[in-house]
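Visitor: The structure follows.
Coordinate-derived values only; no laboratory data. This structure is a prediction, so every number in the text was calculated from the model and none was measured. Using ideal geometry, Cβ is built from the backbone for each residue, glycine included, and neighbour counts are taken over all protein chains shown.
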Amino acid sequence: MAQSIFIFGRQAKIGLAELTSITGSAALKTIAQGQVALANLTIKDPQAYLNQLGGSVKLLKLIADFKDEKILLNTMFNQLPSQPAKLFFGISYLGPSSIHQRLKQIKQWGMQLKKLLKGRKQGARFVSSRDPLLSSVIVRKNKLLSEAGKELVVMANKPHEFYLGETLAVQDFAAYSARDYGRPARDPKRGSLPPKLAQIMLNLAQVKPGQTIYDPCCGQGTILQEALLKGVTAIGSDLDHVAITASETNLAWLIKQGHLSKPDYQLFKADASKNERKLPPLDAIVTEGSLGPPLRKPPSKAQAEKLLAESITLITSILSTKRPFLKPGGRVIICLPYYQTDQGWLDPAPTFQNKLTSLGFTATTAPLLYQREQQLIGRQIWSLKLTLD
């Protein structure tokens, strides 16, 4: 029986790919329309484990799985502790039914449980929200992870298949915010890779402490900082001296926060498309490349095709010039821009896929799309490996 449950964020496919890279696909079963994964894992420190995953928002322990929804209420009630005198509890509900239906059911369960708690002379505060999945912020701020609290999560996979879990850890939103908005050198006009996504990309590369990664377009140093936090040696370069200065400033800030022991990194100015410096053997190349200029409205298809061609040219140059430094079995994780044009989305996959074989690389999986609502530029994430001779 699965012992641990992972709930993914809005980019569920990316969260699953990341978790698969960490745990191995044989240990996973997805439910609730792909938003949840069950894993045969016993985790000693749930919060520390979750902190290493950018694509998962909650880690639960499995309480029960059952086919009869009628026994659910009593099962939930039995999980609520008789102490303290006043209990804080919340319920999340994931499944195929509509948001309105799930919110209505959550409210009904909450009122029924409060009545049962009152029957044993225990006060209770039922925590709810406008979303069927309580956010990490709500869970933390309402003490649902404390001894005085509890969050229960109901997951419906299909008719007559239900799972009940208890939340053990939630995503550390404060830490991610500090590593993003709290850095001293941050320029929103230049664009910035979210720390969560940088963490996901490193996990997709399957890098381990003591290994070495290279980001040839390091920008403000987000991938480098997340690599250092994993105990990985980080090498970064950029053609823009302003970016190098920003990376140096941000990494110095990170070290002062006391999160790192013996950080090992190098920074230098270089053209990513050329071999201007000999590199040590690399376990992985992890980089975003260029997404082009900020967009305020959808570009024309011709404009987007021009921007995409420039980005693909840069990435293919990186693959060509840095290939000799990649260890056998090494991986490359890159992002390509995914533009919303005045004629719809422009998919970079057909053009880029045609170039991989001649470059000596193979895609290990289908590309993953990272995109926020109303964004004009998404990120298409590619996982590559060297083609065997």
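Visitor: How big is the gap, in Å, between the Cα center of region 117-136 and the Cα center of region 237-311?
Guide: 45 Å
Visitor: Oh, and also: Using a basic spin-label model with each label point 7 Å from the Cα along Cα→Cβ, how many nm lie between Thr23 and Ala48?
Guide: Placing both labels 7 Å along Cα→Cβ, they lie 1.9 nm apart.
Visitor: When the chain is fully extended, how far beyond the present Cα-Cα distance does Gln83 get from Gln33, taking 0.36 nm per residue of separation?
Guide: Extra length available between Gln83 and Gln33 comes to 14.5 nm.
Visitor: While we're on this one: For Thr341, enumerate residues with amide H under 5 Å from its amide H, sequence gap 5+ or separate chain, H modeled in the peptide plane.
Guide: Leu346
Visitor: Please give, to one decimal in nm, the separation of the simple spin-label points placed at Ala349 and Phe66, each 7 Å out from Cα toward the Cβ.
Guide: Simple spin-label model gives 4.1 nm for this pair.
Visitor: Here's a follow-up. Please check which bits of region 45-74 a label hung off Lys143 would reach, taking the label as a point 7 Å along Cα-to-C-beta and the cut-off as backbone N under 17 Å.
Guide: Those under the cut-off are none; the list is empty.
Visitor: By a straight-distance test (C-alpha under 18 Å), which lysines pair with Lys385 as possible cross-link partners, with residues fewer than eight away in the same chain excluded?
Guide: Within the straight-line limit of under 18 Å, Lys385 reaches these lysines: Lys208, Lys322, Lys327, Lys355.
Visitor: Still on this model: For the pairs Lys114/Lys143; Lys13/Lys262; Lys61/Lys230, note any where the Cα-Cα span goes beyond 23 Å.
Guide: Violating the 23 Å limit, Cα to Cα: Lys13/Lys262; Lys61/Lys230.
Visitor: If I model a spin label as a point 7 Å beyond the Cα along the Cα-Cβ vector, how far apart are those points for Leu41 and Met111 in nm?
Guide: The two pseudo-label positions are separated by 3.9 nm.
Visitor: Tally the DSSP beta bridges in the chain and give the antiparallel ones as a percent, rounded to 5.
Guide: Counting only bridges with both partners in the chain, antiparallel ones make up about 60 percent.
Visitor: Within region 274-310, list the trypsin sites (Lys or Arg not before Pro) lying in a DSSP loop whose Cβ has at most 14 other Cβ atoms in a 10 Å radius.
Guide: Lys274, Arg277, Lys278, Arg296
Visitor: Specify the residue with the greatest mean-square fluctuation among Glu248, Glu226, Glu305, computed from a Gaussian network of the chain linking alpha-carbon atoms under 10 Å apart.
Guide: Maximum fluctuation in the GNM of the chain, among the listed residues, is at Glu305.
Visitor: Taking 0.36 nm per residue of sequence separation and subtracting the Cα-Cα distance, how much length would be gained by fully extending the chain between Ala363 and Gln206, in nm to one decimal?
Guide: This chain segment gains 55.0 nm when fully extended.
Visitor: Which label belongs to the value computed from this structure, given these candidates for mean projected area of the Cα convex hull in nm²: (i) 20.9; (ii) 24.6; (iii) 18.8?
Guide: Step by step, mean projected area of the Cα convex hull in nm² for this structure corresponds to label (i).
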